[in-house]
Amino acid sequence: MNPQELQNITEYIDRITADTAEGKITWAKTNPTTFVWKKLVGPNPVAQLSLQKIVQRRTMMSGVPVRPSIQIVENYVFQAVELPSGSLRLVINTEQDPNTLPLLKKLFDTISVTIDREGLNFLKKVIET
């Protein structure tokens, strides 16, 4: 990713992160490591954004004497899909574009906090009624 593309992506992801924190964007948790948001125009979805956290265990050889050690590596995949066609319009993979890692980690963490807060509010309603 060239510097201009990275700057543009940074601005867009920062805005999505801020809108998520402010409650303007509501994500759904499709599994423990994936979040999805569908942009609606009227009743119709026009785009879907997804963010997935990928945790990998890698065996590294290090130390003296050289011994195998396990390293946990976290990467993120962000996708933008045009609906209803299903056309994949953008993919950002932090393994391929490491400069985007802090950006997508911050978005993932923001979404996680928001989802957890919504879960606690739901639990509170269940208990109080």
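Computed from the coordinates by the stated procedures, all read-outs in this text should not be read as laboratory data. It should be emphasised that the depicted structure is a prediction, and the values quoted were computed from it without experimental measurement. For neighbour counting, all protein chains shown are included, and Cβ atoms are generated from backbone atoms with ideal geometry for every residue, glycine included.
Once the other residues with Cβ under 15 Å from the Cβ of Pro45 are scored (Lys, Arg +1; Asp, Glu -1), what is the net sum?
My count for the surroundings of Pro45 gives +2.
Compute the acute angle (0 to 90°) between the alpha-carbon long axis of helix 3-21 and the principal axis of greatest extent of the alpha-carbon atoms of the chain; round to the nearest 10°.
50 degrees
Give the cross-link partners of Lys106 among the lysines, using a straight C-alpha distance below 19 Å as the criterion and excluding same-chain residues fewer than 8 apart.
In chain and number order, the partners are Lys24, Lys29, Lys53.
For a Förster distance of 25 Å, can you work out the FRET efficiency between the beta-carbons of Val36 and Arg57, rounded to the nearest 0.05? Provide the component values of the computation, followed by the final result.
Values: r = 26 Å, r/R0 = 1.03.
Once rounded, the FRET efficiency stands at 0.45.
Could you work out the helix-only [θ] at 222 nm for the chain, with each DSSP H run of four or more residues adding -39,500 (n - 2.57) and the total divided by the number of residues, to the nearest 500 deg cm²/dmol?
-13000 deg cm²/dmol
Taking the dipole about the Cα centre of the range 3-119, with the C-beta of Lys and Arg at +1 and of Asp and Glu at -1, give me whichever of Ala21, Pro102, Gly63 is farthest to the positive side.
Value: Gly63.
Looking at (i) 50, 34, 27; (ii) 61, 44, 25; (iii) 62, 30, 26, which value of Cα extents along the principal axes in Å comes from a calculation on the structure shown?
(ii)
When the expected Rg is taken as 2.2 N^0.38 Å, what fraction or multiple of it is the alpha-carbon Rg of the range 59-122?
On the way: Rg = 17.8 Å, N = 64, 2.2 N^0.38 = 10.7 Å.
Output field value: 1.66.
Could you sort the peptides 57-68, 34-45 by per-residue average Cβ neighbour count (10 Å cutoff), highest mean leading?
34-45, 57-68
From Cα pairs below 8 angstrom and at least 6 apart in sequence, can you work out the relative contact order of the range 4-129, rounded to a whole percent?
Working: 175 pairs, mean separation 27.6, N = 126.
Dividing the mean separation by the residue count of the range 4-129 yields 22 percent.
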